[in-house]
Structures are given as C-alpha cells and as structure tokens.
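K.L.:
Pasting in a structure now, in structure tokens, and then I'll have a few things to ask.
The values are calculated or read from the model by the stated rules, or taken from the named source; none is laboratory data. Computed from a predicted structure; not experimentally measured. We place every Cβ from the backbone using ideal geometry, glycine too, and count neighbours over all the protein chains shown. Just so you know, the surface numbers come from the protein's heavy atoms only, side chains and all, with ligands and any DNA or RNA stripped out. Shrake-Rupley method; radii C 1.70, N 1.55, O 1.52, S 1.80 Å.
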Amino acid sequence: MTRHRLIFALLPLVMAMTVAASAQDKGSVNPKPLPPLANPNDPHTPAKELFGRKLQPAAMKPSPIGFYAHGCIAGAVALPINGPAWQVMRLSRNRYWGHPDLIALVERVAAKAKKNAGWPGILVGDMSQPRGGPMLTGHASHQVGLDADIWLTPMPNRQFSREEREETSAVMMVRKDRLDIDPNTWTPTHLTVIRAAAQEPQVERIFVNAAIKKALCREAKGDRSWLSKVRPMYGHDYHFHIRMKCPPGSTNCESQPPPGDSEGCSAGDLAYWFSDRVLHPKPPTKPPKPKPPLTMANLPAECRQVLQAP
C-alpha cells in the first residue's frame, strides 16, 4: 500500500483526531479533576487514562522513550507560561511539558518570531503531558516530549488573562474552499516564523495545512532547502506543529527518517492533498471499527517505570 493510499484509508481516524485536538476547543478556568480509576492495574486499562491523571513529571533523568505516537517521557520540564516572547494557551490541559531541549527550542523560535517577524511573540498550544504518553483527548502524537503546536496568531502586546487563555480562538489561515491561504489573515511574517523554525537544526518535521504548504512553496525566496521539512497534514490550518529529532544520547527514542532533499512543492507532491476525495471526503458506507486504545502493554516497557516513578 502506498503512503497516500494508507493515509486515505486512515482518513476518518486522522480527521477525528485532528478535530479532537483542535486549538479551537475551549478550556476551563476551573477544570474538574478526573475521578480515580477503579483498577489502575487492570492490563486492559487504556494508557491514556493512566498518563492523563499524572499532574507532575517523573523525577528521573530527562529521556524521551519510544516514538512520537507510541511512547512517554521521563524527567519532563514545563515551559514557563509567560516568557519574553511567548505565552502558553489552554493551561487547563496541562500539556506544556517537554524535554529540556524542546523547551529551549520553543524559546528560540519565540525569540526569532520577535526579532525577525516583528511579532510581540508566539502563542504556544499543546506540547506533552507531564509524563507524555497517550492523551485523553486529541493528538495521537505528542507522547515523548518532542512535539509542540505553535499558533499562527501572533501573541498580543499584553499578557492574556487566565480566562483569555482558555477562551481565545486561533485565527484561521485557510480559505473557505480549502484551496489556498486566506489573504485576509495570512501575511509574509507567517512565512518568516515558519522558516525560522524549520531552519533550526534540531527540527525534524513541521506540519501545516496543505494550503499553507502551497503558500510557502510559492512565496519562499533564496535558500529553500528548509521546505523539505515542512509537510502537509490534516487539521493544521491555524497552527503549525514542530517535531524535534531525538536528542543526542536518547537511546530509547525513535526518530523519523530524514526528510530528504525534495522541497515537496511540485504539482505531483501536492495533488493528493487538493483532490476531491481529500477536500470533500464521502462518509464510508460502513463505519470503520474504532481502533482499540493503547494499553501499557503496547508502549515501551520503560514507560511503566515512568508511570510509577514519584
């Protein structure tokens, strides 16, 4: 099965995950605590129910374990919710944790957005849970502390209130027909911010909506080698997703293959994403069988130690 056919076969599942992970989903200033599990040692308990209840990181040496959509993180640290060029959104999700190298990367991307694009700073969406792992809602990835969502809405020139962090919606960058960016919201500074992030040596991939990829291909000047890291993906129409390489010495971490040299800008590269079956998918004649949730048995063995650590 080719890569595009595989993606199309998984379209209903992918679309469901990207919708569930939407930055437009509002949070709560006073989120209700999750009820305790009846039997957390039951091997059939979904791993997301276990990791989603951990409010603090494992007191261990920082270490991403497994793959981005199949793992956990030891020794995660929190991105400060306010910085000189960033603010964290949706605090109620408690998803602003990551490997120390990711924290440093987000801070650099924020500083470059301020210096090079003239933004007051960036708004940071979901990163990882305190111990990573599968999430109760949304993302299939973001499990090893090496992923971060950056809103394409510039940070305002003031500090958001707690209520605004939960209620404010990101700005849509894609035209209603899904064929291109919306010229009323997209600006050259968006390219500047994404390019600066992609040029970071530690960045492995950047995911954006296909219309945004098309705009980047059309508007990029000079060195275009960074475009090879920028990949179209469902749902990323108001934020971009940074994915880091496994840090040096992370022996239990699994990176993706290098992106290769192609810019990914040819008509053939983008045709799939603008085909009618992707833009206007027909509901399946038979609803797909829900994929069973990951359990601890499906994750690397080291994740059990991360879960049980103080």
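K.L.:
Taking G235, is it over 19 Å from A117 (Cα atoms) and touching a Pro at 6+ places or on another chain (Cβ under 8 Å)?
P.N.:
No: the conditions fail for G235.
K.L.:
Hey, another quick one. Among the numbered criteria (1) open to solvent by 30 Å² or more (accessible area, probe 1.4 Å); (2) assigned to a loop (DSSP other than H, G, I, E, B); (3) modelled with pLDDT of 95 or more; (4) closer than 19 Å to Y96 by Cβ, which one does A58 miss?
P.N.:
Of (1) open to solvent by 30 Å² or more (accessible area, probe 1.4 Å); (2) assigned to a loop (DSSP other than H, G, I, E, B); (3) modelled with pLDDT of 95 or more; (4) closer than 19 Å to Y96 by Cβ, only one is false for A58: (1).
K.L.:
Right, something else. Might you check whether a residue that is over 21 Å from Y96 (Cβ atoms), in contact with a helix residue (DSSP H, G or I) (Cβ under 7 Å, 6 or more places away or on another chain) and open to solvent by 20 Å² or more (accessible area, probe 1.4 Å) occurs anywhere in the range 234-242?
P.N.:
No, the range 234-242 contains no residue that is over 21 Å from Y96 (Cβ atoms), in contact with a helix residue (DSSP H, G or I) (Cβ under 7 Å, 6 or more places away or on another chain) and open to solvent by 20 Å² or more (accessible area, probe 1.4 Å).
K.L.:
Just to be sure before I move on: is A196 of a type outside the set (V, I, T), under 30 Å from A267 (Cβ atoms) and in contact (Cβ under 8 Å) with a residue 60 or more places away in the chain in the structure I sent?
P.N.:
Here the answer is yes, as A196 does meet what is asked.
K.L.:
Sticking with this one: Somewhere in the range 123-145, is a residue touching a residue at least 24 places away in the same chain (Cβ under 8 Å) and farther than 25 Å from G66 by Cβ?
P.N.:
Yes: one or more hits.
K.L.:
Grab the helices (runs of 4 or more DSSP H) fully contained in the range 255-309, keeping just those with 2 or more residues being farther than 29 Å from A58 by Cβ.
P.N.:
Filter on the range 255-309 gives 267-271, 276-279.
K.L.:
Applying the selection to the range 116-149, what residues are among the charged types (D, E, K, R) and either under 20 Å from L307 (Cβ atoms) or in contact with a helix residue (DSSP H, G or I) (Cβ under 9 Å, 6 or more places away or on another chain) (or both)?
P.N.:
D126, R131, D147, listed by residue number.
K.L.:
Please verify whether L55 is closer than 20 Å to R165 by Cα, touching a helix residue (DSSP H, G or I) at 6+ places or on another chain (Cβ under 6 Å) and in contact (Cβ under 8 Å) with a residue 40 or more places away in the chain, treating the condition exactly as stated.
P.N.:
no
K.L.:
Restricting to the range 117-138, and then to whatever is more than 14 Å from S92 (Cβ to Cβ) and small (G, A, S), can you tell me which residue is surrounded by the most Cβ atoms within 10 Å (Cβ to Cβ)?
P.N.:
Among residues in the range 117-138 that are more than 14 Å from S92 (Cβ to Cβ) and small (G, A, S), the one surrounded by the most Cβ atoms within 10 Å (Cβ to Cβ) is G132.
K.L.:
Looking only at the range 39-52, filter to residues that are in contact (Cβ under 8 Å) with a residue 24 or more places away in the chain and not in a helix (DSSP H, G or I); which one of those is nearest to R95 (Cα to Cα)?
P.N.:
Only one residue fits best here, namely G52.
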